[in-house]
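In what follows, a single structure is set out as C-alpha cells and then discussed.
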Amino acid sequence: MKYGCRFTLLLCSLLAAPALAAVSVTPRHLMILREGLGSLYGSYVFGVFNTGDKPERFKTPVMLPKETDDFSAQEGVEAGDLTLAPGGGVTLDKEFPPGMQIVSIGFRTKSRYGRGVLTLTPTLAIDSFTLLIPRLSGLHVSAPKLAIGDASNAPDPQYEPYINASVLQSGETVTIAVDGLPEDRSQIWIVGAGVAAMLLLMAGFLAWRTRPHITSDGAATVLIG
C-alpha cells in the first residue's frame with residue numbers, strides 16, 4: 001500500500017507540473033527582394049513563438065539562399081545571434097522571450113548578365129511562403145513552385161506578391177530566378193576587353209595574311225641595285 005501511495009503521489013505531481021515551454025519557427029515565411037548593381041538584395045522574415053512564460057534559448061538553421069555571399073541581422077536579432085554553420089548556411093542562436101517575435105535577416109547574392117538565382121532548401125515544412133518584389137522595378141520572377149498572388153493581399157501595395165501553390169516540404173529544393181537586374185559595369189568591361197582582344201587578334205592575322213611577298217631576287221635588286 002505504501003508503494004501504491006507513493007506511485008499515486010508521483011503521478012499526480014507529474015500531471016500537475018507545468019508543461020515544458022516549446023520554442024518553434026512559425027510555418028509562415030516572407031522574403032522581400034530588391035535590385036542592386038550586379039547584386040540581388042533580400043530580407044528573409046519569419047516568426048519565432050515561445051509558448052512558455054519565461055525566456056528560452058532556441059537554435060535553428062535559417063533558410064537563406066545557397067548563393068548568399070553576405071548577410072546581416074535586421075529586425076529581432078543582433079549580429080552575435082547569427083553564425084556560419086560548419087556545413088554552410090547560417091544558424092540562429094538566441095534567447096527568445098515569451099510570445100511571438102518577428103525575425104528579419106538581410107542577405108545579398110551576386111547576379112550575372114541581369115539574372116539572379118536563389119536556391120532555397122527548407123529545414124521544416126512551410127505552409128505559407130510569400131515572395132515580394134517591387135512592382136515598378138522591371139524585375140521578372142520565374143519559380144516553378146510559386147505563382148503570382150493577389151496584389152490586394154500584399155502587405156504593401158508597392159510590392160507584387162508570389163506565393164507557394166503547395167506546402168514546401170523539408171529538404172525540398174526551391175529555385176527562384178529573377179531577371180531584369182541592372183548589370184554590373186565590371187562585367188561589361190570584361191566583355192568589352194574580350195571583344196577588343198578578339199579584334200586585335202583578327203587584325204594581326206589579317207595583317208600577316210596580306211603582307212607583301214617579295215622574292216629574294218627582287219629584294220636583292222632593291223638592296224644591291
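The numbers here are math on the coordinates, done by the rules we state, and not lab data. Keep in mind that this is a model prediction, so the values were computed, not measured. Backbone-built Cβ (ideal geometry, glycine too); neighbour counts: all protein chains shown.
Computed values, structure above
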{"quantity": "5 angstrom amide H check on residue 129, placed H, neighbours 5+ away", "calculated": "29, 164"}
{"quantity": "Straight-distance crosslink candidates among aspartates and glutamates, where the alpha carbon sits under 14 Å from residue 145 and sequence neighbours closer than 8 are dropped", "calculated": "127, 172"}
{"quantity": "Formal net charge of residues neighbouring residue 118 (Cβ-Cβ distance under 15 Å; K, R +1; D, E -1)", "calculated": "+1"}
{"quantity": "Residue 53-residue 70 pseudo-label distance in nm [points 7 Å out on the Cα-to-Cβ vector]", "calculated": "4.6 nm"}
{"quantity": "Nitroxide proxy distance, nm - points 7 Å out along Cα→Cβ at residue 177 and residue 135", "calculated": "2.7 nm"}
{"quantity": "Candidate lysines for bridging to residue 94, where Cα separation is under 23 Å - those fewer than 8 sequence places away on the same chain excluded", "calculated": "54, 59, 66"}
{"quantity": "Within-12-Å neighbourhood charge of residue 151 [Cβ basis; K, R +1; D, E -1]", "calculated": "-2"}
